[in-house]
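Just below is one structure, and these are the notes that go with it.
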Amino acid sequence: KGICKEGDLLDLGATLNVVFEVLRNRFERSLAERSRRRLGYRLISPDRSGIRDMLAALERGEAVGMAIDEHKHGNVIAPAFGRPLPAIANLRYAEKLARQFDAPVIPSYCVRTAPLQFTLTFLDPIERASAGQLNDLCESWIRAHPEQWYMLHRLRFD
């Protein structure tokens, strides 16, 4: 377990590849991508090219970060919050990739502590992580800080 501040991972020599959300607003997208690059992350696009980049990074033994909470078509698909876990979701991809590359999943979450200030917490690695375990962790983080989850307004139970 540990708490990191900006740059700590890179100071430890870790290479972090992060799958990012493509923002629609061109100005916001440019700003977000510049800040992420400034932190030293390698950005992976959420498309077919990005899948190749992700697999190559894992093959090299590098870390890959991805959000396990996600929405599609205007609704949250993960975490499930009591609904069935969908067959196609980042939770399932994380489980599959970890098994394919015999890699642990290192859960982490970010909490805003002040305007423009965040604390990133890493939990102990999980060997052979299941999508259900990852879902439960994600739900617990959101329940602890629901005001910070930007997809709360998209959660529907129909």
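The values are calculated or read from the model by the stated rules, or taken from the named source; none is laboratory data. These numbers were taken from a predicted model, which means no experiment stands behind them. In this analysis, Cβ positions are derived from the backbone assuming ideal geometry, glycine residues included, and neighbour counts consider all displayed protein chains. With ligands, DNA and RNA removed, areas are computed over all heavy atoms of the protein, side chains included. Shrake-Rupley method; radii C 1.70, N 1.55, O 1.52, S 1.80 Å.
Taken over region 64-112, the criterion of being on the phi > 0 side of the Ramachandran plot and among the charged types (D, E, K, R) is satisfied by Asp102 alone. The requirement of being at pLDDT 75 or above, outside any loop (DSSP other than H, G, I, E, B) and not hydroxyl-bearing (Ser, Thr, Tyr) is satisfied by Glu33. Close contacts from region 53-73, counting a first residue that is of a type in the set (Val, Ile, Thr) and a second that is assigned to a strand (DSSP E or B), with Cβ to Cβ under 6 Å and a gap of 6+ residues or different chains, come to Val64/Asn17. Quick one: in region 66-107, which of the residues that are among the small types (Gly, Ala, Ser) and surrounded by fewer than 15 Cβ atoms within 10 Å (Cβ to Cβ) is farthest from Met54 (Cα to Cα)? Residue satisfying both the conditions and the ranking: Gly82. Inspect all residues belonging to region 17-34 and state whether any of them is free of Cβ contacts under 8 Å to residues at least 40 places away in the same chain, among the aromatic types (Phe, Trp, Tyr), crowded, with 18+ Cβ neighbours inside 10 Å and within 28 Å of Arg156 (Cα to Cα). Among the residues of region 17-34, at least one is free of Cβ contacts under 8 Å to residues at least 40 places away in the same chain, among the aromatic types (Phe, Trp, Tyr), crowded, with 18+ Cβ neighbours inside 10 Å and within 28 Å of Arg156 (Cα to Cα), which makes the answer yes.
Condition check ((1) within 22 Å of His73 (Cα to Cα); (2) part of a helix (DSSP H, G or I); (3) polar (S, T, N, Q)) across all residues:
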| residue | (1), (2), (3) |
| --- | --- |
| Ala103 | no, no, no |
| Phe118 | no, no, no |
| Thr121 | no, no, yes |
| Gln133 | no, yes, yes |
| Asp136 | no, yes, no |
| Glu139 | yes, yes, no |
| Arg143 | no, yes, no |
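Considering every residue within region 149-156, establish whether at least one is within 25 Å of Ala63 (Cα to Cα) and open to solvent by less than 60 Å² (accessible area, probe 1.4 Å). Yes, there is a match, as at least one residue in region 149-156 is within 25 Å of Ala63 (Cα to Cα) and open to solvent by less than 60 Å² (accessible area, probe 1.4 Å).
Among what's in region 35-65 and is farther than 22 Å from Phe122 by Cα and surrounded by 12 or more Cβ atoms within 10 Å (Cβ to Cβ), pick the residue that is farthest from the chain's Cα centre (by Cα). Among those that are farther than 22 Å from Phe122 by Cα and surrounded by 12 or more Cβ atoms within 10 Å (Cβ to Cβ), it is Ala56.
When region 75-101 is limited to residues that are touching a strand residue (DSSP E or B) at 6+ places or on another chain (Cβ under 7 Å) and in a helix (DSSP H, G or I), the one that is farthest from Ala57 (Cα to Cα) turns out to be Leu91. Before we move on, is Arg112 among the basic types (Lys, Arg), assigned to a strand (DSSP E or B) and either open to solvent by 70 Å² or more (accessible area, probe 1.4 Å) or closer than 16 Å to Leu58 by Cα (or both)? It is true that Arg112 is among the basic types (Lys, Arg), assigned to a strand (DSSP E or B) and either open to solvent by 70 Å² or more (accessible area, probe 1.4 Å) or closer than 16 Å to Leu58 by Cα (or both). Against the numbered list (1) out of contact with any helix residue (DSSP H, G or I) (no Cβ under 7 Å at 6 or more places or on another chain); (2) under 18 Å from Leu16 (Cβ atoms); (3) not polar (S, T, N, Q), Val105 comes up short only at (1).
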